[in-house]
1. Quick check: convex hull over the Cα atoms of region 24-82, volume per residue in Å³, rounded to an integer?
2. Among 39-47, 2-10, 56-64, how do they line up from the highest to the lowest mean number of other beta-carbon atoms within 10 Å?
3. Heavy atoms of the protein only, probe of 1.4 Å, neighbouring chains included. What is the accessible area of LYS146 in Å², nearest 10?
Amino acid sequence: MLTSTICAAVSAAGLGIALLTAYRKRFLAAARIAAYALVPIGLVMTGVIDWVKDLVFKPSVWVGFGVLALSAVLFMVTRAVERRGGGTRKERRAAAAQQREAMAPAASAPSLGQAPAVRPAATAAKPKGKAAGGGEDFSDIEAILKKHGI
């Protein structure tokens, strides 16, 4: 009852200020002030104020908010652990086994030894025009290619 009286008084005072502002020929500002002034009485009439009043003064409601907060924290922690670890131990082992099976056996083995003695004609021929005139040096690239047997 007291909250509805206070909200009605606040709305009445706001409407009075809006009338004074309209009297000064500032109609846009007066309309904005009137809109803000009607919010408290509208909240009382819809019952939102009683709901908030019951919400604030009941301990069971605050315990409910605590339970919801705990639930949200648990969701976030489990999501972070899942992203970081990749699931359970069984899931990680299964994923590692699938990854090992999917890779070719020789794909990760480094190539050892010398480059083949006979190179294909495309890699054996050096472009003389660009290397001599352009100043580009491809010797380090050729060394890398030779190292890998290409």
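The values are calculated or read from the model by the stated rules, or taken from the named source; none is laboratory data. What you see is a predicted model, and the numbers here were worked out from it, not measured in a lab. Every residue, glycine among them, receives a Cβ derived from its backbone with ideal geometry; neighbour counts consider all protein chains shown. Calculation scope for accessible area: heavy atoms of the full protein, side chains included, ligands and nucleic acids excluded. Shrake-Rupley method; radii C 1.70, N 1.55, O 1.52, S 1.80 Å.
1. Cα-based convex hull of region 24-82, divided per residue, equals 139 Å³.
2. Ranked from most to least packed, the peptides come out as 39-47, 2-10, 56-64.
3. Per-residue accessible area (LYS146): approximately 100 Å².
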